[in-house]
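Right, one structure below, let's go through it.
Please treat every number below as a calculation from the coordinates, not as lab data. Being a predicted model, the structure only gives us computed values, none of them experimental. So basically every Cβ, Gly included, is an ideal-geometry build from the backbone, and we count neighbours across all protein chains shown.
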Amino acid sequence: MQGKSTAAIRTKYTIREDTPDETDVYVTDTQESGPTAVVVGGIQGNEPAGYEAAEDIKTWSIDQGTLITIPRANPVAIRRGTYSNDNGNLNRKFPPGETPTTPLARAIWGVIASYDPDVVINLHSSKGIYREDVGPDGVGQAIYPTTASGAAQDAVNTKGYMNEFHLDESFPDFYRFKCGNLIDGTRPLLVHKVDADLDEPGFIVESTRYGTDLQTRCRWELNIVRHLLGRQGMHRTYEN
Ligand SMILES: [Zn+2]
């Protein structure tokens, strides 16, 4: 019908099938040329805001491009509610310029690299707050951009948007979102590998678990992802 975009094609497939790591990849292909984005949640099992948000994001309708979501990157740790799985911290298995060091990390990176994405977003939820003397040490309430062109400005713009529109006044100022340090491809983290190996915008998103409830953290992460994707030219739509 005129004025209506072509229906998106939604597909799903499984990586690490028939292993404890078995997890699903969701692809929303709008069949309209545009950016390719990957969202990864649940790389640590005790950070449910990320994987709950990603479970929602996998269902989003978008206006153009292709959205790939791996909601539960680390199913063993998620089932246990633990930071790590038996191989340690999954987010330390992605050395820049080298092959990822566990089968699960290789499978996740294989998915990401196969799409040659324009942006990769990795959702976390820290126990503390970045550069504040409150609560436990941590890196929450911040968006960490790669060194790729435009990424830092996207993080600054997005944290400003969050603080203006999505931070309830009941939260003290130390909950205001910050732009974190640059992710410069020097550490074996997933988004560092995005910086070093793909040289594309990538973001670590960290909401804090300190004094917050899961629903609030999820809402924050959903708004951050929607805004970051919008900055890349991919907009969430609300048809039907
Ligand atoms: Zn984390």
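Have a look at Asp137, Asp199, Asp86 and tell me which one the Gaussian network model of the chain (Cα, springs below 10 Å) gives the largest fluctuation.
Asp86
Dipole of the chain, Cα-centred, from +1 at each Lys and Arg C-beta and -1 at each Asp and Glu C-beta, to the nearest 20 debye?
For this selection, approximately 240 debye.
Among Asp118, Asp168, Asp154, which one shows the highest mean-square fluctuation when the chain is modelled as a Gaussian network with alpha-carbon springs under 10 Å?
In this elastic network of the chain, the residue with the biggest mean-square fluctuation among Asp118, Asp168, Asp154 is Asp168.
Which whole-number percentage describes the relative contact order of segment 27-81, with Cα contacts under 8 Å and a sequence gap of 6 or more?
Relative contact order comes out at 50 percent.
Throw me the Rg/Rh for the chain, computed over C-alpha atoms with Kirkwood Rh, two decimals.
That ratio is 0.95, to two decimals.
Using Cα springs under 10 Å in a Gaussian network model of the chain, which residue among Lys159, Lys193, Lys12 shows the largest mean-square fluctuation?
Residue with maximal mean-square fluctuation among Lys159, Lys193, Lys12: Lys12.
Any idea which of Gln232, Gln31, Phe165 is furthest toward the positive side of the dipole for the chain, if Lys and Arg beta-carbons carry +1 and Asp and Glu beta-carbons -1?
The one lying farthest along the dipole's positive direction is Phe165.
Residue by residue through segment 44-56, which ³J(HN,Hα) values in whole Hz follow from phi under the Karplus form 6.51 cos²θ - 1.76 cosθ + 1.60 (θ = phi - 60°), with glycine and proline marked x?
For segment 44-56, the Karplus curve yields 10, x, 9, 10, x, 4, x, 7, 5, 4, 5, 4, 6 Hz.
Would you mind telling me the antiparallel percentage of the DSSP bridges in segment 9-237, rounded to 5?
Numbers: 18 of 38 bridges.
Within segment 9-237, antiparallel bridges account for around 45 percent of the total.
Taking loop as defined by DSSP and a crowding limit of 16 other beta carbons within 10 Å, which GluC sites (Glu not before Pro) in segment 1-85 fit?
Glu17, Glu22, Glu32
Would you give the gap between the C-alpha center of segment 179-240 and the C-alpha center of segment 14-28, rounded to a whole Å?
Spelled out, the Cα-based centre of one part sits 22 Å from the other.
Under 16 Å Cα-Cα from Lys193, which aspartates and glutamates qualify once same-chain neighbours fewer than 8 residues away are excluded?
The reachable aspartates and glutamates, counting only those whose Cα sits under 16 Å from Lys193, are Glu98, Asp116, Asp118, Asp184.
Tell me, what HN-Hα J-couplings in whole Hz come from the Karplus equation 6.51 cos²θ - 1.76 cosθ + 1.60 at θ = phi - 60° for each residue of segment 203-211, using x for Gly and Pro?
Karplus values, whole Hz, x for Gly and Pro: 9, 9, 10, 10, 8, 9, 8, 6, x.
Would you mind computing, in nm to one decimal, how far apart the modelled labels at Thr237 and Gln31 are, each placed 7 Å from Cα along Cα→Cβ?
Output for this residue pair reads 1.2 nm.
When the label point is put 7 Å from the Cα of Val156 along its Cα-to-beta-carbon vector, which residues of segment 100-136 have a backbone N closer than 11 Å?
none
With θ set to phi - 60°, apply the Karplus curve 6.51 cos²θ - 1.76 cosθ + 1.60 along segment 81-90 and write out the HN-Hα couplings as whole Hz, x wherever there is a Gly or Pro.
Karplus values, whole Hz, x for Gly and Pro: x, 10, 4, 10, 10, 5, 9, x, 7, 4.
Write out the GluC sites (Glu not before Pro) in segment 100-195 meeting two conditions: DSSP loop, and at most 10 other Cβ atoms within 10 Å of their Cβ. Could you put the intermediate results ahead of the total?
Values: sites: Glu132, Glu164, Glu169; in loops: Glu132, Glu169.
Those satisfying the criteria are Glu169.
Tell me which residues come under 5 Å, amide H to amide H, from Val119 once H is placed; ignore anything under 5 positions away on its chain.
Thr36, Val38
Which lysines, if any, have their Cα less than 24 Å from the Cα of Lys12, not counting same-chain residues under 8 positions apart?
Lys58
Rounded to the nearest 500, what is the 222 nm mean residue ellipticity of the chain from helices alone, with -39500 (n - 2.57) per DSSP H run of 4+ residues and division by all residues?
Calculated from helices alone, the mean residue ellipticity at 222 nm is -8000 deg cm²/dmol.
Take the Cβ-Cβ distance between Thr14 and Asp168 as r, set R0 to 45 Å, and report the resulting FRET efficiency rounded to the nearest 0.05.
E between Thr14 and Asp168, to the nearest 0.05, is 0.70.
Tell me the relative contact order for segment 99-184 as a rounded percent, counting alpha carbon contacts under 8 Å between residues six or more apart.
25
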